[in-house]
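Here's the structure, in structure tokens; my notes come after.
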């Protein structure tokens, strides 16, 4: 039975879905902070750090393809750093792709986690792409093990885990991609100030002939990452708010119907987010 064009079952489902999504994101954020600041416990994040590193390097590889180049291999190291060797392409775009692309991937995963029906396909696709990337571009043993291992786990979670577990994992990965990008930029800022070590920021400085120093690129990437984090949070809030308001349309429609019966009008209620 529908009232005012709203299906009570769909209304309840939308409300539950929005609340569940928000709870998972909040839980993932709190857990991330705890694991960051509690000594030794942070090692539990090691596989996630490897995942974020892989995303970072895949963004470099994708940028090389999009700018007319070609990736040769990806290497991942035990300290969770990585390197992507490419041929051709735009060095400016390729060097920037890691620190800009990783928070973008996190933002996309966060927004996809807001829709229950997208959670499992997203996990399966992410795991599959990670595994395929390791087979195609893996340049050392850890790159193969991490890519195939983490990729297989994500596919298994997407196919077999409960819906709540799958949603929490996707939300957690999204938060980690965005927060770890900022954490890595903090370390890169320190390197840019105190060391001439080869980094993406140093590569950008060389690509611009030293006109734009590494520290400037680091600050710029940090600003972009913060903007992506803020934009993703706002869009996520809008998505969950739309679901909640749509689900609350039932009682509002009832009120609207009572009003129209008294005033003999035919005004239709619409969500302010429509």
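The numbers here are math on the coordinates, done by the rules we state, and not lab data. All values reported here derive from a predicted model rather than from experimental measurement. FYI the Cβ positions are ideal-geometry reconstructions off the backbone, even for glycines, and counts take in every protein chain you see.
Each 10 Å bin from 0 upward holds the following percent of the Cα-Cα pairs of the range 80-181: 15, 40, 34, 9, 1. Ordering 90, 96 from the fewest to the most neighbouring beta carbons within 10 Å gives 90, 96. Packing, taken as the mean count of other beta carbons within 10 Å per residue, orders the peptides 79-88, 113-122 from highest to lowest as 113-122, 79-88.
What is the extension gain from residue 140 to residue 44, computed as 0.36 nm multiplied by their sequence separation minus the C-alpha to C-alpha distance, in nm to one decimal?
32.3 nm
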